[in-house]
Amino acid sequence: MIPNDIAITPELVEAHGLKPDEYERILALIGREPTFTELGIFSAMWNEHCSYKSSKKWLKTLPTTGPRVIQGPGENAGVVDIGDGEVVVFKMESHNHPSYIEPYQGAATGVGGILRDVFTMGARPVAAMNALRFGAPEHPRTKHLVSGVVAGVGGYGNSFGVPTVGGEVEFHARYNGNCLVNAFAAGIARADGIFLSKAEGVGLPVVYLGAKTGRDGVGGATMASAEFDETIEEKRPTVQVGDPFTEKCLLEACLELMATGAVVAIQDMGAAGLTCSAVEMGAKGNLGITLDLDAVPVREERMTAYEMMLSESQERMLMVLKPEKEDEAKAIFRKWGLDFAIVGMTTDTLRFIVNHQGETVADLPIKELGDEAPEYDRPWVESPKREVLAAGTIAEPDDYAAALLTLVGNANGASRRWVYEQYDTLVQGNTLASPGGDAGVIRVGTGGKALAFTVDVTPRYVEADPFEGGKQAIAECWRNLTAVGAEPLAATDNLNFGNPERPEIMGQLVGAIKGIGEACRALDFPIVSGNVSLYNETSGEGILPTPAIGGVGLLPDLSRRAAAAFASEGDVIAVIGGHGTHLGQSAYLRDILGREEGAPPPVDLAAERRRGDFVRELIRAGRVTAVHDISSGGLAVALAEMAMAGAKGARVKVPAPAHAALFGEDQGRYVLTCSAEEAASVLEDALDAGFEIVEIGRVEGSDLTVEDILTISVAKLRETHETWFPHYMAGA
Amino acid sequence: MKSAVVTFPGSNRERDMMHALELVSGRKPEAVWHADTSLPDVDLVVLPGGFSYGDYLRSGAIAARAPVMDAIRAFAARGGLVLGVCNGFQMLTEAGLLPGALMRNAGLTFVCREVLLETASTANRFTAGMRKGETWRCPVAHHDGNYFADAQTIARLEGGDRVAFRYASGTNPNGSVNDIAGITNEAGNVLGMMPHPENYVDAQQASTDGRAFFESICEAFAAA
Amino acid sequence: MKARVTVTLKSGVLDPQGKAIEGGLAALGFAGVDSVRQGKVFDLEISGRSADAARADLAAMCEKLLANTVIENYDIEIL
């Protein structure tokens, strides 16, 4: 057991992830040497994960407000008005490093953490998604990670009882040493029933709720902000273990308690548990907090103050309660079999005081702990522009049918059924569109309303051009919500990048945030919550820059929505946004020609918005029978997906060069189908509105035929599409 | 028909079940807590899906020893209808109200997908109003749904026309012996099934095929 | 007094997890593993009873909760 008064050496400071100048700042702030526990508290509060010290300057530039936004970034989750006195509460957060070390528990606790963020605000979680990225399929660790992460996501979410309605799974060698596990959750609450972390009132009890504290994850938040090296395996003991059963009980107990009016403030114990939650509650409310660690429920013997303050044991909460409701609150927690202990008090001193076994182990200025965290304007260089590749300089495939089968059947194009069938997609009984489509849809209440959810980013575009790639991530998210008929409301961003101390990586982060901001402003699609995960590097190689965007859209009338499946024989197929031309950074170029080159497709945000608004109007007017956005793999893959989903073929015609038309990834485009009777007027309206729209063919038969180019039976497409994942996972 | 739904810590489809029961029977089901020692005056008691007590020992094992189970056992002995769905089915086998056990899925992973169910028997009080041999769409969502019993027990179930539902047309998602998806006790008043008919009852869900099952239960009481 | 209860699947009951572990061992190059059956171990600390009385209590615990005797066997050790 390490005593509290050991000498603070430069080595100890470094082991806490604090730079020498940061330590100088601590000395200046408190005017003396910190105790061991205080050093731990500073390291937790000032690491990248909690302080956003490298990204804050740039995050501030993002649009975070809008007519429907009730709560933007800074709380446990964002809150957006969905009418009828209801709000949607949502956020996405990464659990990358823990998942690489112990995939099942890392992913499970990632899901647990994000669900807790949502119900801490007073919302019952109604939907979950996840964005997963793994190394090359042939990398020796990949299969183990896929299997563990998927089981962990499912193991937690299924038991907790929230439907998983969407997500992404991608493979790329640049994630070999750092997988990405980004978990999203959304909940519904009454607009007048939102709970925040800001404590109010002096002398009120600070209450500890939920599971007991162990030594799990001691130093976890520090780990999440450190670059991996070859000693990774030694870091294993700090991984926390999730308990979805306790969390489900915690959810029910919290919602029950909130309904009694007893809760003044509430904060989830996430990264760096007790430290961050207590400091945030006090600092936001301009109050001091005194904690008595002897009262903290523990499940291990001889825990030190340092360990208790930095423990990341899961399924815990901190609340400030109205004293007169204490007994009522206690009864509710006992009923659900959860620990309930008064561990502190709010004060008017603005000090964060921690007492343990008759000793004051920490006494720090509470505001400065958060507000005076270092903030860096890290040097950055703009990513070099890549050449725009003309389609004419890119070879056509020898065999178009074979090329399409590769694109729908390879690691990144194949069906994700093996993954999403391990998630309960139906629990709660409100799922209207489950994974596999453009966006997941769930109904809300009984008034005929629904919400749509999607998570998107195309990392290879961001790598090639961070600004355009950032724009594209927002645009694709907005487009996917539109494609089901939803009005995009707001988004959450999960920015996964490499080491920001390298100017070229910092340049990717800056470029992507600028692109995201520009697209959010152009589309009126504010960012209301988010998370930054940096240092995703192993032995000096960073991941592909991956700013994953989770978006939420509103369907006022759930009967007016669209899906991608071809609906009826004879329906006319049209493409809005014109034929494809852009093959740089396309899936075709990468997977058929083996080249990851060129500039990504540019995003025309004005056109994006006008086309999207038009498509949404068509859906809401009931004038289209199917809608699908065109993304990776271009028109050919979009048509194949529509054919497979509807178990119907199509006959279409495209102009030369056919590889650009079929596989080009030009942005802002949708495939739509409408009945033969409706087709003429839809095309006319589109042309009148100034859109490029082309009729390309009909829903027909049981083959997908591109005249003079290829014919593949839908059965063959489906067989190819469904084979890769189960085959890969079953392989030795 | 008057019904009650029992909630255990870790239950997560109790609301789905209440929704289905209310929709079909027109009456709001009573909520029963696992620590209750008596049941309200009802015709049907449902043990819903979820992960009671985390399913940490074995699925349904701890719930099967909850205080409310004595009342349920007595209710069943008096001829009351007891339905266990998913985790509820696991509880009924653990409690000894139904024979056999639900083991880890043959594929080892949790599985959530739509299957086809065949109504294999109508010789009980739950499915009497359904059509024997008919197949219908129903989702499953479980990790431990692989029904197992020794050969003698299986023979007794099959011989006694006690297999209420089977996975049809090669859709067995978990390796259950004889494609068994649901069974009844000898008296025909306790039914356990893995699939979730309660998630396929209203027009906005993927299918309304689950309605017929709940309607059949209601009819049993309308006729009486 | 410390006691250990081991719960295993009855022979004849299919053990898909054991099969998967068996396959995993083979994949790692461990030859000659003919069969793997997995189970659970419970370590209990018991006070105030004679070994015989504890054994009887443990058997009752197994019958009532720790094991599902439809599919599982149990074994009790007083350590």
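The values are calculated or read from the model by the stated rules, or taken from the named source; none is laboratory data. Quick caveat: nothing in here was measured; it's all calculated off a predicted structure. With ideal geometry, Cβ positions are generated from the backbone for all residues, glycine too; neighbour counts draw on all protein chains shown.
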Taking region C:66-79 as the search range and keeping residues that are of a type in the set (A, V, I, L, M) and modelled with pLDDT under 90, which one is surrounded by the most Cβ atoms within 10 Å (Cβ to Cβ)? C:I71
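Test of understanding: among C:R4, C:R55, C:R49, which residue is more than 14 Å from chain A (Cβ to nearest Cβ), basic (K, R) and in a loop (DSSP other than H, G, I, E, B)?
C:R49
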Residue check: is B:V24 within 14 Å of chain A (Cβ to nearest Cβ) and either in contact (Cβ under 8 Å) with a residue 60 or more places away in the chain or among the aromatic types (F, W, Y) (or both)? yes
Against the condition touching a Pro at 6+ places or on another chain (Cβ under 7 Å), of a type in the set (A, V, I, L, M) and modelled with pLDDT of 95 or more, how does A:V455 come out, does it pass? no
Hey, A:L196 hits all of (1) away from every other protein chain (no Cβ under 14 Å); (2) closer than 30 Å to A:G344 by Cβ; (3) in contact with a Leu (Cβ under 9 Å, 6 or more places away or on another chain); (4) not acidic (D, E) but one; which does it fall short on? (3)
Can you tell me which condition A:S99 does not meet? The list is (1) part of a loop (DSSP other than H, G, I, E, B); (2) among the polar types (S, T, N, Q); (3) closer than 30 Å to A:R502 by Cα, and all the others hold. (1)
Can you find a residue that is within 25 Å of C:K19 (Cβ to Cβ), within 14 Å of chain A (Cβ to nearest Cβ), at pLDDT below 95 and buried (at least 17 other Cβ atoms within 10 Å of the Cβ) anywhere in region B:61-80? yes
All positions within region A:285-315 that are acidic (D, E) and not in a strand (DSSP E or B): A:D294, A:E300, A:E301, A:E307, A:E312, A:E315
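Pick out the one residue from B:G170, B:G175, B:G159 that is farther than 30 Å from A:G155 by Cα and more than 17 Å from the chain's Cα centre (by Cα). First the steps, then the outcome.
Numbers: B:G170 fails: farther than 30 Å from A:G155 by Cα; B:G175 fails: farther than 30 Å from A:G155 by Cα.
Residue meeting the stated conditions: B:G159.
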Quick check on my filter: what residues within region A:479-520 are part of a helix (DSSP H, G or I) and of a type in the set (V, I, T)? A:T482, A:I505, A:V510, A:I513, A:I516
Tell me, which strands (runs of 3 or more DSSP E) wholly within region A:615-732 include 1 or more residues that are of a type in the set (D, E, K, R)? A:626-629, A:650-652, A:693-699, A:703-706
Given the condition under 22 Å from A:L115 (Cβ atoms) and either among the charged types (D, E, K, R) or surrounded by 23 or more Cβ atoms within 10 Å (Cβ to Cβ) (or both), answer yes or no: does some residue in region A:69-76 qualify? yes
Region C:17-45, residues that are more than 14 Å from chain A (Cβ to nearest Cβ) and surrounded by 16 or more Cβ atoms within 10 Å (Cβ to Cβ): C:G18, C:V36, C:G39, C:F42, C:L44
Taking the residues in region B:1-20 that are more than 12 Å from every other protein chain (Cβ to nearest Cβ) and at pLDDT 95 or above as candidates, determine which candidate is surrounded by the fewest Cβ atoms within 10 Å (Cβ to Cβ). B:K2
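Hey, among the residues in region A:676-723 that are of a type in the set (D, E) and over 20 Å from A:V624 (Cβ atoms), which one's farthest from the chain's Cα centre (by Cα)? Lay out the reasoning, then the answer.
From region A:676-723, those of a type in the set (D, E) are A:677-678, A:684-685, A:688, A:692, A:695, A:700, A:703, A:707-708, A:719, A:722; that's our starting set.
Filter once more, keeping what is over 20 Å from A:V624 (Cβ atoms): A:703, A:707-708, A:719, A:722.
Numbers: A:D703: 37, A:E707: 41, A:D708: 42, A:E719: 31, A:E722: 26 Å.
Per the stated criteria, the residue is A:D708.
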Region B:47-60 - residue that is within 14 Å of B:W33 (Cα to Cα) and in a helix (DSSP H, G or I) and, of those, farthest from the other protein chains (Cβ to nearest Cβ): B:S52
Checked region B:183-199 for anything buried (at least 24 other Cβ atoms within 10 Å of the Cβ) and either within 13 Å of another protein chain (Cβ to nearest Cβ) or among the hydrophobic types (A, V, I, L, M, F, W, C) (or both); matches are B:I183, B:V190, B:L191, B:M193, B:M194, B:P195, B:H196, B:P197, B:E198, B:N199
Neighbours by Cβ (under 8 Å, 6+ apart or cross-chain): first from region A:18-45, free of Cβ contacts under 8 Å to residues at least 40 places away in the same chain; second among the small types (G, A, S) and in a helix (DSSP H, G or I): A:L18/A:S43
Going through region A:159-186 in order, the residues found to be more than 12 Å from A:M129 (Cα to Cα) and not aromatic (F, W, Y) are A:S159, A:G161, A:E170, A:H172, A:A173, A:R174, A:N176, A:G177, A:N178, A:C179, A:L180
Check every one of the strands (runs of 3 or more DSSP E) wholly within region B:151-224 and list those with 2 or more residues that are in contact with a helix residue (DSSP H, G or I) (Cβ under 7 Å, 6 or more places away or on another chain). B:163-167, B:190-193
Within region A:299-314, take every residue that is out of contact with any Gly (no Cβ under 7 Å at 6 or more places or on another chain) and more than 16 Å from A:F42 (Cα to Cα) and give me the one that is surrounded by the fewest Cβ atoms within 10 Å (Cβ to Cβ). A:E301
The listed residue being within 14 Å of another protein chain (Cβ to nearest Cβ), surrounded by 24 or more Cβ atoms within 10 Å (Cβ to Cβ), among the β-branched types (V, I, T) and farther than 22 Å from A:E722 by Cα, out of A:V427, A:V444: A:V427
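Listed here are the residues, each with its yes/no results for (1) out of contact with any helix residue (DSSP H, G or I) (no Cβ under 6 Å at 6 or more places or on another chain); (2) closer than 18 Å to A:R334 by Cα; (3) in contact (Cβ under 8 Å) with a residue 40 or more places away in the chain.
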| site | (1), (2), (3) |
| --- | --- |
| A:V264 | yes, no, yes |
| A:A278 | yes, no, yes |
| A:P297 | yes, yes, yes |
| A:R302 | yes, no, yes |
| A:S311 | no, no, yes |
Considering every residue within region A:423-438, establish whether at least one is of a type in the set (D, E) and under 28 Å from A:T581 (Cβ atoms). yes
List pairs: first in region B:93-121 and farther than 25 Å from A:G429 by Cα, second part of a loop (DSSP other than H, G, I, E, B) and among the aliphatic types (A, V, I, L, M), Cβ under 6 Å, 6+ apart or cross-chain? B:E94/B:A61; B:P99/B:A149; B:G100/B:A149; B:A101/C:V70; B:A101/C:I71
In region B:86-119, how many are within 12 Å of another protein chain (Cβ to nearest Cβ) and in a strand (DSSP E or B)? 8
Of the residues in region A:147-175 that are of a type in the set (S, T, Y) and within 18 Å of the chain's Cα centre (by Cα), the one that is farthest from the other protein chains (Cβ to nearest Cβ) is A:Y175
Within the set of pairs 6 or more residues apart or between chains, which connect a residue that is within 14 Å of chain C (Cβ to nearest Cβ) inside region A:710-732 to a residue that is of a type in the set (G, A, S) with Cβ atoms less than 8 Å apart? A:M729/A:S147; A:A732/C:G23; A:A732/C:A27
Would you check if there is a residue in region B:133-150 being within 12 Å of chain A (Cβ to nearest Cβ), closer than 27 Å to B:D55 by Cα and at pLDDT below 95? no
